[in-house]
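Rule-based calculations on the coordinates, nothing more; no lab input. As the structure is a prediction and not an experimental result, all values here were calculated from the model. Cβ placement follows ideal geometry from the backbone for every residue including glycine, while neighbour counts extend to all protein chains displayed.
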Amino acid sequence: MLSALAELIVPSDGDGPGARDTRVAESLERHASRSAEVRARYARGLAAIDLVARRHAGSPFLGLPPARQLDVLGRIHAVAERVRWRRDASWAARVRRRLARVHYSVAGWGARHGMGEAHVFFPRLVDDVLAQFWTSRQAWQWVSYDGPPMSEGYPDLGTPRGA
Amino acid sequence: MPPRVAFRASRQQPVGVVIVGCGAGGGVLAKELSEAGLTVLVLEAGRRFIAGVDYRTAEREFEVTAPTVFAPEPSRDRHTCHGTAFEVSRVKGVGGSTLAYLAVVPRFHPSDFRVRSEDGIADDWPLTYEELESYYSEVEYELGVSGPDGEDASPFEPVRTAPYPTPPHEFNKASLAIKRGADRLGWHLRREPLAIPTKPWHGRPACLRAGACMFGCAAEAKSSIDVTYVPKAEATGRVEIRPRCVAREVTVGDDGRARSVVYLDAKGQEHEVFGRVVVLAASAIETPRLLVMSRSRRFPAGLANGSGLVGRYFMEHLAVVAFGVFDERLDAWRGTPAGGSIQDFYETDRPNAFARGFTIEVNCSRQWPLAVARRLGVWGASHRARMKDVFGRMVGLATVGEQLPDVRNTVELDPVVKDSFGLPVPRITCEARDNDRAMLRVIPRRLTELLEAAGAREIWEPAYMPGWSAHYLGTCRMGRDPRTSVVDAWCRAHEVPNLYVGDGSVFVTGAAANPALTIMALAMRTAEGIVRAFRDGHA
């Protein structure tokens with residue numbers, strides 16, 4: 001399931017590498033295996049996404065076609081955005097956000113059917129996938145990034161390193 | 001390993017000077033005082049970092065691992081906010097926030113020291129630019145500051161008696177794109193003074209232009225305090241730095257003089273060190289916190305707080321951040337993250353609805369793949385396409401806007417929340433007040449104007465980021481009158497003759513310039529005052 005999620009977050013296609021090409025899921029599994037806390041968080045989060053899929057699409061997540069899987073993730077993403085902290089929010093928006101947060105909190109009414117856990121887990125999963133993908137050699141090559149910064153630095157500011 | 005020291009502080013044998021904090025102020029004080037023959041003990045809350053070992057900017061995962069190096073310790077470094085959320089950005093460690101600074105070290109302008117006289121707002125400093133000028137020069141030569149002289153200098157540069165020690169950095173492609181816009185508008189984008197030498201300096205190498213200054217310079221080219229002042233201080237054999245030691249109280253004797261500093265080590269064990277002079281250089285957040293925690297019968301509102309002004313007039317710089325996306329590749333990550341500054345709006349301009357002004361800085365930091373991917377905030381099929389579209393073509397602008405001192409902006413002790421040592425955490429109140437808000441209405445327009453003139457095809461809406469500047473100032477202000485200030489012109493507490501403040505707390509106003517150089521220059525001058533007090537038998 002992790003592999004399917006990673007591929008939906010950064011898809012591979014003919015235009016360039018994606019999560020599958022850069023083995024993001026394997027890296028995340030290795031990352032999770034190093035800490036019981038992270039492992040537990042992933043287990044709870046994946047189960048919650050699966051629960052949302054069953055509740056809203058009538059099937060386990062992996063049983064859905066990719067378009068329906070995206071619908072499920074889009075629904076979770078929308079909730080996460082609704083409760084996300086924003087510095088410049090108006091007073092009314094802050095109240096709405098606070099109410100939504102209570103509604104979707106793990107103990108709240110809206111938390112049933114997995115959304116309470118899923119809307120917290122999914123943004124972190126996106127961040128983890130991006131972190132794995134964008135620190136890969138293939139991704140760097142695809143966008144022509146000549147890092148890391150050290151130990152060489154950039155003797156020539158106008159020309160890519162090694163060009 | 002630091003050299004062995006030739007003294008041991010004890011109750012029977014007090015050290016000459018106890019300094020709390022080893023950042024821009026404390027490090028300078030330690031060197032200057034020890035070179036003058038005094039014994040110095042420095043208590044630093046954070047750890048000692050070793051450039052070649054701790055910094056992680058050579059790793060492929062550096063965007064994930066490097067930011068963890070200076071990250072706050074959640075249980076030790078907590079704070080709370082009253083009102084607007086305020087993101088505290090500071091580093092605890094030997095070197096303080098200079099470990100992570102972008103090393104932008106402009107001088108303040110002469111007008112900054114007399115805003116009451118010139119603009120009728122806030123208060124004048126009890127000293128002038130001219131009195132500080134020679135200290136500015138000395139610090140610049142210690143750091144090997146690079147900057148433009150002659151025709152390339154900023155027309156707004158204050159009068160200098162010595163040229164910059166090393167030549168300016170060259171502009172990268174991102175800065176040149178912004179310069180194109182500035183030139184069209186008739187604004188003056190110039191290389192800013194950087195504490196990053198462009199040639200080998202005092203045994204350190206010239207800058208490698210790696211662009212990761214905020215994560216610590218693995219080459220030790222950036223002139224942070226730990227690689228400049230600290231080694232020289234320790235070389236005297238009269239300085240001992242104790243890392244991971246958190247001061248919790250400055251005690252006073254029956255004579256009303258500071259007597260000792262009580263601190264907690266990494267294991268939470270309590271110790272006490274005695275000094276003839278105590279200097280607090282722990283930042284504009286920690287210094288007032290420590291003073292207020294040092295309540296006693298003689299000082300019921302906190303040490304040296306008879307005026308009630310300890311913790312008041314907290315300021316930071318108004319940081320508005322904007323991004324522009326260009327058609328051409330800019331590859332902004334190559335070269336120093338600081339990419340030049342514009343000071344055309346620095347001084348008070350009568351037609352404005354606000355007093356004082358702001359500096360615009362080109363900010364090339366965090367243009368690496370993961371940073372840009374996170375900034376985009378999209379995932380799925382559109383993510384990679386969007387990355388391909390903007391990556392390498394983006395550059396940031398940020399402002400250093402002068403927030404005026406306001407007595408309602410404060411650092412206090414939180415009445416409820418405690419840190420891991422059981423000490424009350426700082427509670428920060430920092431609101432943009434009338435003058436600040438008027439300035440904040442103009443800044444986004446100027447940033448947008450600049451990006452448009454530079455030819456950006458996409459401009460991200462400028463956002464005000466409270467706390468982001470990391471320049472925290474003004475909670476133990478200087479002044480001649482003990483009723484309206486905490487320390488005098490030599491940064492000595494009005495009420496406690498052997499207590500000094502050596503950090504940005506003493507600033508009367510914040511100016512529109514990065515404060516590190518002014519903190520260092522003031523610390524040097526304060527050291528001179530302390531040495532004189534010892535010589536005259538007042539210490």
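Measure nothing fancy, just the Cα-based angle from helix A:115-133's long axis to the longest principal axis of chain A, in degrees from 0 to 90, nearest 10. Tilt relative to chain A: about 10 degrees.
Counted by Cβ distance under 14 Å from B:Cys22, the other residues give a net charge of +1, where Lys and Arg count +1 and Asp and Glu count -1. Shape class for the protein assembly as shown: prolate, because the ratio a/c of the largest to smallest gyration tensor axis (alpha-carbon atoms, square roots of eigenvalues) is 1.5 or more and a/b beats b/c. For B:Lys222, a cut-off of 17 angstrom between C-alpha atoms picks up these aspartates and glutamates, skipping any fewer than 8 places away in its own chain: A:Glu152, B:Asp54, B:Glu140, B:Glu142, B:Glu170, B:Glu192. For the peptides B:365-372, B:466-473, B:155-162, the ranking by packing is B:466-473, B:365-372, B:155-162, with the highest mean count of neighbouring Cβ atoms within 10 Å listed first. Each residue in B:Lys31, B:Lys267, B:Lys173, B:Lys232 was given a count of other beta-carbon atoms within 10 angstrom of its own, and listing them fewest first yields B:Lys267, B:Lys232, B:Lys173, B:Lys31.
If you model segment A:2-137 as an ellipsoid using its alpha carbon gyration tensor, with each semi-axis the square root of five times an eigenvalue, the axes come out at 26, 17, 16 Å, biggest first. With neighbour counts taken as other beta-carbon atoms within 10 Å, the residues B:Glu35, B:Glu142 rank, fewest first, as B:Glu35, B:Glu142. Comparing B:Ile196, B:Thr526, B:Phe323 along the charge dipole axis of the protein assembly as shown, the residue lying farthest to the positive side is B:Phe323, per the Cβ-charge model.
So how do B:Leu440, B:Leu194, B:Leu38 line up by other beta-carbon neighbours within 10 Å, fewest first? Final ranking by Cβ density, sparse to dense: B:Leu440, B:Leu38, B:Leu194. Summarising the label geometry, the points placed 7 Å from Cα in the beta-carbon direction at A:Gln138 and B:Asp481 lie 7.0 nm from one another. The Cα atoms of segment B:211-320 give a gyration tensor whose axes a ≥ b ≥ c have a/c of 1.5 or more with a/b no greater than b/c, which makes the shape oblate. Any idea how far apart B:Arg60 and A:Arg34 come out in nm if each label point goes 7 Å out from Cα toward Cβ? So the label points at B:Arg60 and A:Arg34 sit 1.4 nm apart.
Taking Cα atoms only, the orientation of helix A:24-33 departs from the longest principal axis of chain A by about 70 degrees. Peptide A:119-126 has a mean shielding of 1, counted as Cβ atoms of other protein chains within 10 Å of each residue's Cβ.
Other protein chain C-beta atoms within 10 Å of residue C-beta, averaged over B:55-64: 5.
Across peptide A:138-147, what mean number of C-beta atoms from other chains lies inside 10 Å of a residue's C-beta?
5
Of all DSSP-defined beta bridges confined to the protein assembly as shown, some 70% are antiparallel rather than parallel. Within the shell of other residues whose beta carbon sits under 11 angstrom from the beta carbon of B:Arg427, the net charge comes to 0, with Lys and Arg scored +1 and Asp and Glu -1. Between rounded, prolate and oblate, where does segment B:147-200 land on the alpha carbon gyration tensor, with a ≥ b ≥ c its root eigenvalues, rounded for a/c under 1.5, else prolate if a/b exceeds b/c? Oblate. With helices as the sole contributors, chain B gives -7000 deg cm²/dmol at 222 nm; each DSSP H run of n ≥ 4 counts as -39500 (n - 2.57), and the sum is divided by every residue. Taken along the Cα-to-beta-carbon direction at a fixed 7 Å, the label points for B:Ala385 and B:Ile121 span 4.7 nm. Seen against the Cα atoms of chain A and their longest principal axis, helix A:91-104 is set at about 80 degrees.
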